[in-house]
Amino acid sequence: MSPALKNGLLLAALVLILILAGWFFTRGDKEATLPKTGYETEWMCDKCGKQFSLSPAQFDEWFKSPDKIRRDPNMGKQIVFWCPDCQAFSVVRAEIDPKTKKWYITLDSQGMPRELPPEVQAGAEEPPPDEGQ
Ligand SMILES: [Zn+2]
């Protein structure tokens, strides 16, 4: 084997290792990205009632996007997203009543408690004890 050929083979081996390393790296990178479906969280506009199901990837995108998330130090740590319909920061975390499947929010975008919808309230609360004599 001539020294030139030997160097050539070494170089080829080195290039192959680099390609493999790059492949492992990018593959690992892809695996680390957030899922685009499943694990959705519910969000709802407190003005128009528009509903958003955010996948972890979408939530991450919104969370990192300054025009989609309200960043107001006076408003505490509540996460409030932009509603494209209302042109306002009014989308807050919502919950779904397991019985009625109705979406509702417990805090509005100003951090004020919201009353539960009557049908959710009825399902969530125990009937009041009968105190008749
Ligand atoms: Zn809205």
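Every read-out reported here was derived from the displayed coordinates using simple, explicitly stated rules and does not represent laboratory data. What you see is a predicted model, and the numbers here were worked out from it, not measured in a lab. Reconstructed Cβ throughout: ideal geometry from the backbone, glycine too, with neighbour counts over all protein chains shown.
What the table below lists for this structure:
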read-out: Footprinting exposure proxy for Thr33, Thr100 (fewest neighbouring C-beta atoms within 10 Å first); value: Thr33, Thr100
read-out: Relative contact order (%) - the range 3-109, alpha-carbon pairs under 8 angstrom, separation at least six; value: 21
read-out: Residues with amide H under 5 Å from that of Ala88, placed H, sequence gap 5 or more; value: Cys83
read-out: In Å, descending, principal axis extents of the Cα set of the chain; value: 107, 36, 24
read-out: At R0 = 30 Å, FRET efficiency that the Cβ-Cβ distance of Leu107 and Phe25 yields, to 0.05; value: 0.10
read-out: Glu119/Ala88 FRET efficiency (R0 25 Å; Cβ-Cβ; nearest 0.05); value: 0.40
read-out: Of Lys64/Lys102; Lys47/Lys77; Lys36/Lys99; Lys36/Lys101; Lys68/Lys101; Lys36/Lys64, pairs whose Cα-Cα distance is over 25 Å; value: Lys64/Lys102; Lys36/Lys99; Lys68/Lys101
read-out: Candidates Ala13, Ala88, Ala122, ranked by Gaussian network fluctuation over the chain, Cα under 10 Å, top entry; value: Ala13
